[in-house]
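The values are calculated or read from the model by the stated rules, or taken from the named source; none is laboratory data. Source: prediction; values computed, not measured. As a convention, Cβ positions derive from the backbone with ideal geometry for all residues, glycine included, and neighbour counts pool all protein chains shown. When the accessible area is computed, the model is the full protein with side chains, heavy atoms only, and any ligands, DNA or RNA have been set aside. Shrake-Rupley method; radii C 1.70, N 1.55, O 1.52, S 1.80 Å.
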Amino acid sequence: MSDTQSEYNGYRISVPLEFETIFSHFYFAENTSERAVTKTLLPTYQTIMLFCFGESASMITKEKTKITVDQCIVFGPIRHSFDYTLPSKTSILVANFKDDAFYRFFGKACISYHTAMNPDDLLSENCFTNLWHQISKITSTQQQVDHILEFCKPYLQDRDSTSQLLSNFTNKNLNPIKTIAGKTNQSERNIQLKQKEQFGYSSKEINRYNRFSKAIQLIEKEIANQNKVEWFTIVDECNYYDQSQLIHDFKHFIHLSPSQYLKFQQDICNPKSE
């Protein structure tokens with residue numbers, strides 16, 4: 001893959017303050033080479049809406065299911081890494097929904113990981129197909145993002161107060177489910193169900209993912225500084241029991257051992273750090 005790096009361009013696009021509770025960012029990637037380019041996308045635990053321009057892009061999930069993207073799909077929450085292929089002269093623009101934002105748009109967060117959907121099927125109208133046609137005529141990526149943001153405003157529902165507490169919970173020393181249940185006079189079970197329905201994942205799932213994500217960030221920092229990765233330091237700083245638990249998480253989320261991740265890191269896309 002290294003010989004095509006200069007012909008594959010990918011970067012993240014921040015959103016205005018007004019939309020920071022809706023989208024974490026947008027991600028753009030294009031293949032300007034004469035042959036298809038395949039990359040691996042790290043899990044994000046976010047639901048995405050992906051627009052494709054040019055030939056159809058494709059994705060291969062953990063279950064070896066092939067998903068073809070012609071114009072626009074919604075997909076997620078992304079719990080495991082997957083390979084995606086951009087044909088020659090093809091680009092993608094990806095909206096990354098934050099926390100419960102997908103639920104606030106479409107009224108559900110339980111899209112099957114291996115089943116991508118046309119967002120028009122969730123709304124029973126062709127508005128996103130029309131949106132694709134509109135932004136396909138815009139040459140500036142930033143202007144495409146601005147157009148999507150304006151388009152989405154009328155569909156957004158107000159945030160549930162409990163969901164807002166879940167989104168804003170930052171105290172790592174407390175159990176968010178138990179704490180919010182006590183604060184709102186609800187049962188812990190009710191908070192758990194609400195998080196699963198509106199966010200698409202449980203508190204236990206996201207805690208495990210956040211620990212893995214921190215390990216990835218520390219590794220990438222060491223690589224960027226051209227330092228040797230000290231695995232026992234990673235284990236300690238990320239609160240793993242031992243190195244075998246670290247290895248288990250890597251294989252769970254990205255189907256690679258930590259050492260394999262280092263070897264193939266140049267072919268792996270981490271949109272959260274681009």
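Anyone know which of N173, N31, N190 comes out most mobile in the 10 Å Cα GNM of the chain? Of N173, N31, N190, the most mobile in the Gaussian network model is N173.
Each Lys or Arg adds one and each Asp or Glu takes one away; over the other residues whose Cβ falls under 14 Å from the Cβ of E63, this sums to +3.
Above 18 Å, the calculated P(r) of region 46-102 contains 31 percent of its Cα-Cα pairs.
Most mobile of D249, D146, D83 per a Gaussian network model of the chain (Cα springs, under 10 Å)? Per the Cα network of the chain with a 10 Å cutoff, D146 tops the list. Residue-wise HN-Hα couplings along region 85-98, as the Karplus relation 6.51 cos²θ - 1.76 cosθ + 1.60 with θ = phi - 60° gives them from phi, are 10, 9, x, 4, 6, 10, 9, 10, 10, 10, 8, 9, 5, 9 Hz; Gly and Pro carry x.
Ratio of Rg to Rh for region 162-259: 1.07 [Cα atoms; Kirkwood radius as inverse mean 1/r over pairs].
Please report the equivalent ellipsoid semi-axes of region 1-73, computed as sqrt(5 x eigenvalue) of the Cα gyration tensor, largest first, in whole Å.
Equivalent-ellipsoid dimensions as semi-axes: 23, 17, 13 Å.
Exceedance of the 31 Å cut-off in Cα-Cα distance is limited, within the set K196/K263; K137/K194; K66/K251; K64/K172; K62/K153; K194/K263, to K196/K263; K137/K194; K64/K172; K62/K153; K194/K263. So how strong a dipole does the chain carry about its Cα centre when Lys and Arg Cβ are +1 and Asp and Glu Cβ are -1, to the nearest 20 debye? For the chain, the charge dipole is close to 740 debye.
Rounded to the nearest 0.05, what FRET efficiency is calculated for N225 and T139 with R0 set to 35 Å and r the Cβ-Cβ distance? Efficiency for this residue pair is about 0.40. Considering only L166, I216, I78, and ranking their Cα positions along the charge dipole of the chain that arises from unit charges at the beta-carbon of Lys, Arg, Asp and Glu, the one farthest toward the positive end is L166. In a DSSP loop and with at most 11 other Cβ atoms within 10 Å, the trypsin sites (Lys or Arg not before Pro) in region 130-184 are K137, K172. Dividing the mean sequence gap of close Cα pairs (under 8 Å, 6+ apart) by how many residues the chain holds gives a relative contact order of 20 percent.
Expressed as a whole percent, the accessible surface of the chain that belongs to carbon and sulfur atoms is 46, based on a 1.4 Å probe.
Provide the gained length on full extension for the span N207 to H147, in nm with one decimal, where the gain is 0.36 nm per separating residue minus the Cα-Cα distance. Before the final figure, lay out the partial values.
On the way: separation 60, 0.36 × 60 = 21.60 nm, distance 3.41 nm.
Going from the current span to full extension adds 18.2 nm.
Take the chain with all the other protein chains still there, run a 1.4 Å probe, and you get 51 Å² of accessible area per residue.
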